[in-house]
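Here the structure is laid out as structure tokens; the discussion comes afterwards.
Each value in this text was obtained by applying a stated rule to the coordinates, not by laboratory testing. Quick caveat, the model's predicted, so the values are computed rather than measured. Here the Cβ positions follow ideal geometry from the backbone for every residue, glycine too, while neighbour counts run over all protein chains shown.
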Amino acid sequence: MRILTPTLVATLPLLAACSSTDEAPAAPVAPLAPPAPPAPAADAPLPPELAALIEHGRAELATGRTAEAEALFTRVAAADGNALRSHMWVLRAWMEQGRGNDVLDALDTLNHAGARGPDLDYLYGMAFARRAEGLVADGVSDASVEMNFIDASTLLKTAVELDPVRYRDAWLPLARAAWFTQELETARWASQEAVTRLPEDGEAWLARARIAMSEFVNAEGGEPGGAEAEDALARALESFQKGLELLGPAEGERAAKVARAATELGNAYLWRQRGADASAAYARAITAAPASFDYGQAFQLLAGAPKDPERPSGFRATLELAREALVGANRLQGAEAGVLLWWLGWARFNDGAWVECEQAFQEGLALAPEYTNSWFYIGLARHYAKDSAGAVTAMRTGWAADPTSMVTTVASAGGSQRAFEGLLGWCASQEPPRNLDAAFLAEMLTEAQPEEPRHWNNLGLFLRDEGERVEYAALKKEAPEPEAAWLADLYQRSYRAYQRALELTPEDPQVINDTALMLHYHLDGDLAEVEATYHRALARLDELLQASDLTEEDRARFEQTKSDIGVNLKALLEPEADTSATPAAAPGSAAPGSAGGEGQ
């Protein structure tokens, strides 16, 4: 379809008049309105007043006032006959409004109509760059990301080489696109141009920093500590610092950018073991966005960095700095700060600062009560601080709030699990023994490590011990008779625990004995079966005691078990000999010290 231009429309009456010689020409009809002016020639300069409006619009665009910028660009485009050289800025405003698909549709239409030139290259390149960065932000990692960055780099490079001033806002997208595709020479050139032409643009300085870090890593791999590597690292540090300075306070959407840049600055410092500088940078990152900081990674990285006696350094010092900064800014509030306080509590726990550890955890729980496993560390801190009764209270508080979280924490406690078992031992060592508290802790261990027979045996032991203690106190008239249903439930739970221990270690004579005595004394089991089980345990003990490599500790343990079984057999076979016989079993019989430990 041919498009009628204003010039062609104006000539139609003349052509019609010349088409016939038989009739007199018709009188001309006065037009209702003057014809529209022709589109300006491609090489005609834009009138100064329109050029000034475009510059005004670009300034508005740079400050995020996209609606105002679009209004100015639309006004210029209308006055310029919607020529590409002016209408292109309307499309540029659309990009900043997130209308990427609309821009590409418009560009495709122009392209199909035969439009060509650097303006189109610039617009396509900017659109591809924005789409690629959007895909990265959405977590897309397929080939489409690289393809978009490659196209953006190619087109934007062509545009800026032709007119570096007109397309000055393309330098930064070009630098990022070239960096992504590891065209580091182009990326470095573009980033330098970006900071030169836009020296107050913090994002441009951060792009320069990241590109310099890539150059540093490459140079460091070739010649560690060489001049090329040191130059790149110096540029990176300078650029990160400048970018962070320009970004200013971490507020709103800027917070994530500040946090990321400050983290990268900390990582850069650690390449040269500047631990105190890294701590300061990480503290700034945490202050900007406490919930998104990778505390675990920072702990690992700072663990190998040298401490500075003159300046705060190390993991805990980093978190203390961040907390102070948030307090100073009146921002130590909400669940985000609760994340920092949890890690600060953990860091203080790691340093053995028991009172300060609980303070941080309690402060964090006030802001984010969902971090219930804080109670595990509060409990251990109290235990270490000689407040074991308070420790048990803390463990029960955490369990009441979120059993799953507490079990998960116990399972991953590593060396801290020894202290947890020490608390269990403290419960057992009290007078009277706090058997139900010990059983509660042992049950947590069975859920955390269900394949460990020692925990099941201890659970059975403490439940059984509590039942026998209560029965004995009632027999001596020191306490009322226990409720029958309560006592039966206690012994049933104990027996099930022993059964599970026996399933896991079917040849352990101690566990065999403990399981048999439950049937013997507390559950009215088949006496013939009970006797056979005792003899089975004795036979196994005889095997074990003949071993030449038996440790003294195991020998003593097995001989004690053999003596216990002798007592139990006598009580089974000669019940009339001593009606007050009590079950014989070594305390903590699954392993030495399992019911004890380092109770405070």
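Here are the numbers for this structure:
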read-out: The chain: calculated mean residue ellipticity at 222 nm from DSSP helix runs of at least 4, using -39500 (n - 2.57); value: -23000 deg cm²/dmol
read-out: Virtual spin-label span in nm between Ala539 and Ala143, 7 Å along Cα→Cβ; value: 6.9
read-out: Partner lysines for Lys562 [C-alpha distance under 24 Å; skip if fewer than 8 residues away on the same chain]; value: Lys570
read-out: Label-point separation in nm, Leu246 to Glu503, each point 7 Å along Cα→Cβ; value: 6.5
read-out: Loop GluC sites (Glu not before Pro), segment 284-373 (other Cβ atoms within 10 Å of the site Cβ: 14 or fewer; DSSP); value: Glu310, Glu370
read-out: Segment 476-549: GluC sites (Glu not before Pro) in DSSP coil with no more than 14 other Cβ atoms inside 10 Å; value: Glu478, Glu483, Glu507
read-out: Cα centroid of segment 49-125 to Cα centroid of segment 268-284, whole Å; value: 43
read-out: Dipole moment magnitude, nearest 20 debye, segment 66-178 about Cα centre, only Lys, Arg, Asp, Glu C-beta charged; value: 280
read-out: The chain - charge dipole about Cα centre, Lys and Arg +1 at Cβ, Asp and Glu -1, debye rounded to 20; value: 1800
read-out: Estimated FRET transfer efficiency when R0 is 45 angstrom, pair Val327-Val136 (beta carbons, to 0.05); value: 0.80
read-out: GluC sites (Glu not before Pro) within segment 199-261, DSSP loop, no more than 14 other Cβ atoms inside 10 Å; value: Glu200, Glu251, Glu253
read-out: Using a Förster distance of 30 Å, the FRET efficiency for Glu200-Ala115 (Cβ separation, nearest 0.05); value: 0.35
read-out: Anisotropy class of the chain from Cα gyration tensor, a/c 1.5 cut; value: prolate
read-out: Size of charge dipole - segment 344-474 - debye, nearest 20, with Cβ of Lys, Arg +1 and Asp, Glu -1, no other charges; value: 200
read-out: Tilt relative to the chain, helix 275-288 - C-alpha long axis, 0 to 90 degrees, to 10; value: 80
read-out: Surrounding net charge for Trp456, when Lys and Arg each add one and Asp and Glu each subtract one, Cβ distance under 13 Å; value: -2
read-out: Segment 502-514 - phi-based ³J(HN,Hα) in whole Hz, Karplus 6.51/-1.76/1.60, Gly and Pro as x; value: 5, 4, 7, 9, x, 9, 7, x, 5, 5, 4, 4, 5
read-out: Cα gyration tensor, segment 306-437 - rounded (a/c under 1.5), prolate or oblate; value: prolate
read-out: Furthest towards positive pole of dipole, Pro432, Thr404, Trp456, structure part segment 403-456, Cβ charges; value: Pro432
read-out: Efficiency of FRET from Cβ geometry, Asp105 and Ala400, R₀ 45 Å, rounded to 0.05; value: 0.15
read-out: The chain: angle of helix 143-162 to the longest principal axis, Cα-based, in degrees nearest 10; value: 40
read-out: Among Gly467, Ala177, Ile286 the positive-end extreme of the charge dipole of the chain (Cβ point charges); value: Ala177
read-out: Whole-Hz ³J(HN,Hα) from phi, Karplus 6.51 cos²θ - 1.76 cosθ + 1.60, for segment 385-399, glycine and proline x; value: 8, 6, 10, 5, 5, x, 5, 4, 4, 4, 4, 5, 5, x, 5
read-out: Karplus-derived HN-Hα couplings along segment 133-140 (A = 6.51, B = -1.76, C = 1.60, θ = phi - 60°), whole Hz, x at Gly and Pro; value: 5, x, 5, 4, 4, 7, x, 6
read-out: Sequence-distant residues sharing a close amide H with Ala479 (under 5 Å, placed H); value: Ala474
read-out: Residues with amide H under 5 Å from that of Gln97, placed H, sequence gap 5 or more; value: none
read-out: Gain in span if fully extended, Asp526 to Gln300, counting 0.36 nm per residue against the direct Cα distance; value: 75.6 nm
